[in-house]
Amino acid sequence: MKIKRSDDAPEPLCSQAGEVAPYLQNRLSAEARARFEAHLTECAICRAATQGAAPVIQTLATLPAVPMRDLTADILRRLPADAWATAAGAAPRRGFAPWLVRLAAGVVLALGLAGAWVALHGRRLPEARQEAARAAAVHKGLAWLQTTQESDGHWDPSKWGAPRQYTIGITALALLALDNARESGVARTGDDAARAGLTYLQAQQADDGHIGPAFSGLPYNHALATLAWLHADAAARTADWTNHCRRAVATICACQTEAGGWGYGYGGGDAVNASVTVWQLQALLAAQARGFVGLERTITRGIGWLVRAVNDQGWLGYARSGDFPYGYETMTAAGLLCLLRTSSPAQPAGTVDRMIEAVLTARGADGNPRDYCRSYFLVRALDLTRREEAQRLASRVRAGLLATQDARGGEAGSWPPVDRWSSEGGRVYATAMSVLALNDRPR
């Protein structure tokens with residue numbers, strides 16, 4: 001028989017709640033960790049406890065060890081010579097000794113000044129600690145990515161839990177993470193890895209402009225490779241680079257459907273969906289930012305399709321408004337990022353505001369990082385809104401990512417492939433998307 005709890009009754013304690021701290025501190029065995037992660041998908045209590053404790057444990061881990069000073073000797077040295085007169089046998093005075101009044105006043109003043117300093121600067125301390133934790137996590141993630149790159153410049157997803165046919169897209173994601181960290185100043189390493197990866201991708205472009213093998217995932221491979229080229233370091237932007245980029249961008253434009261979006265067929269006649277469309281728009285917007293011209297009409301039509309697929313509550317549908325076969329959080333965050341990056345006239349008034357309110361109240365608002373694609377699109381969109389509540393949510397999502405980075409063995413620095421997209425992207429995808437979400441510079 002279930003006993004109904006009153007509204008003010010405390011939450012029941014799960015028998016596995018004691019695993020939260022060891023899990024966040026990476027003190028569980030691989031078997032115990034896998035069991036607890038499976039438990040997190042079913043237990044709201046442990047999930048909430050993990051999300052709440054993650055930023056605390058991360059902050060404590062970054063604090064330097066500062067030895068404490070014993071101030072007793074300093075205080076005694078500063079006391080007047082007659083301070084101990086009563087103790088030595090002198091007649092006690094009535095009232096408080098002048099030195100004691102001065103000492104008390106000094107303490108009160110010091111406490112007041114300390115309180116004022118904390119009020120002015122105290123909020124910055126947690127932010128600074130999280131920034132330090134984020135930078136450390138990004139460095140570790142990038143180091144893992146560089147050690148797993150193949151000698152010819154690509155990343156092999158089949159070694160890390162994903163099909164080899166997504167090699168192009170996975171390699172591009174890793175390159176985007178490396179380039180993102182370099183541009184933002186978080187890391188200065190990875191130049192050789194980036195050059196090798198870009199050279200590999202250039203060799204995969206066919207005569208018709210497509211990048212990668214012909215299968216349903218071609219649009220993802222192509223758009224991600226195009227993005228990696230467009231975000232390449234300035235030193236790589238040669239005439240050959242421009243030629244590859246122009247052909248890749250032209251292919252995206254040619255594959256746009258009459259409806260305005262893109263589909264898996266990538267031949268112009270396939271059914272449109274938001275998942276493919278948002279990546280093509282990301283590539284076109286990056287090309288436009290790099291100075292490529294003649295893209296306004298294609299971008300406007302793509303944005304127009306996205307807007308028509310948004311319902312009255314602000315959720316972006318998969319194939320049409322109200323269509324959510326894979327949930328609505330990830331697609332809505334991805335579509336919002338596209339809309340925030342353009343001032344296209346295809347955006348009716350109020351659409352962006354509805355979408356912002358939608359992502360702020362979605363299930364993703366709990367900061368659960370177990371969808372790396374959602375985490376990436378969400379924090380990037382939230383960063384562009386510049387709203388205080390949006391920044392708080394972005395901070396929670398990033399804290400969740402910090403808490404789930406692996407810290408042991410050959411997987412140290414990477415993120416576990418545990419979300420719904422990991423079967424196609426594997427550990428390299430999980431790590432690259434996490435690094436991109438944790439870093440500051442938009443992608």
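Taking segment 160-205 as the search range and keeping residues that are touching a Lys or Arg at 6+ places or on another chain (Cβ under 9 Å) and among the charged types (D, E, K, R), which one is modelled with the highest pLDDT?
Asp179
Specify which of the listed residues (Ala358, Ala430, Ala365) is modelled with pLDDT of 90 or more, within 30 Å of Arg308 (Cβ to Cβ) and either under 10 Å from the mean Cα position of the chain (by Cα) or not in a loop (DSSP other than H, G, I, E, B) (or both).
Criteria check complete, one pass: Ala358.
Identify the residue in segment 375-405 that is over 17 Å from Ala136 (Cα atoms) and β-branched (Val, Ile, Thr) and, among all such residues, is nearest to the chain's Cα centre (by Cα).
Going through the qualifying residues, I end up with Val379.
Looking at (1) hydrophobic (A, V, I, L, M, F, W, C); (2) surrounded by fewer than 15 Cβ atoms within 10 Å (Cβ to Cβ); (3) modelled with pLDDT of 75 or more, which is the one condition that is false for Ala114?
Every condition holds for Ala114 apart from (3).
What about Thr300, is it of a type in the set (Ser, Thr, Tyr) and surrounded by 19 or more Cβ atoms within 10 Å (Cβ to Cβ)?
The answer is no for Thr300.
What are the residues in segment 306-323 that are surrounded by 23 or more Cβ atoms within 10 Å (Cβ to Cβ) and either assigned to a helix (DSSP H, G or I) or more than 27 Å from the chain's Cα centre (by Cα) (or both), if any?
Answer for segment 306-323, where residues must be surrounded by 23 or more Cβ atoms within 10 Å (Cβ to Cβ) and either assigned to a helix (DSSP H, G or I) or more than 27 Å from the chain's Cα centre (by Cα) (or both): just Leu306.
Being without any contact (Cβ under 8 Å) to a residue 40 or more places away in the chain and assigned to a loop (DSSP other than H, G, I, E, B) is the filter here, so list the residues in segment 202-221 that pass it.
Gln204, Ala206, Asp207, Ala214
What do you reckon, is Gln347 modelled with pLDDT of 90 or more and not in a helix (DSSP H, G or I)?
Judged against the criteria, Gln347 is not a match.
Pick from segment 194-211 the residues that are under 19 Å from Met433 (Cβ atoms) and out of contact with any Ser or Thr (no Cβ under 6 Å at 6 or more places or on another chain): which of them is surrounded by the fewest Cβ atoms within 10 Å (Cβ to Cβ)?
Ala194
It is to be established whether one or more residues within segment 222-229 are more than 26 Å from Gly322 (Cβ to Cβ) and among the β-branched types (Val, Ile, Thr).
For segment 222-229, residues more than 26 Å from Gly322 (Cβ to Cβ) and among the β-branched types (Val, Ile, Thr): present.
Each row is one residue, and each column tells you yes or no for (1) surrounded by fewer than 19 Cβ atoms within 10 Å (Cβ to Cβ); (2) on the phi > 0 side of the Ramachandran plot; (3) modelled with pLDDT of 95 or more; (4) not in a helix (DSSP H, G or I).
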site: Thr226; (1), (2), (3), (4): no, no, yes, no
site: Ala232; (1), (2), (3), (4): no, no, no, yes
site: Ala235; (1), (2), (3), (4): yes, no, no, no
site: Thr242; (1), (2), (3), (4): yes, no, no, no
site: Thr251; (1), (2), (3), (4): no, no, yes, no
site: Gln282; (1), (2), (3), (4): no, no, yes, no
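Any idea which of (1) under 24 Å from Leu336 (Cα atoms); (2) touching a strand residue (DSSP E or B) at 6+ places or on another chain (Cβ under 9 Å); (3) part of a helix (DSSP H, G or I) is the one Gly261 doesn't satisfy?
(3)
Does Gly335 satisfy the condition of being at positive phi and either of a type outside the set (Phe, Trp, Tyr) or at pLDDT below 95 (or both)?
no
The values are calculated or read from the model by the stated rules, or taken from the named source; none is laboratory data. What you are looking at is a predicted structure, and each value in this text was computed from that prediction instead of being measured. Counting neighbours? That spans all protein chains shown, and the Cβs are built from the backbone with ideal geometry, glycine included.
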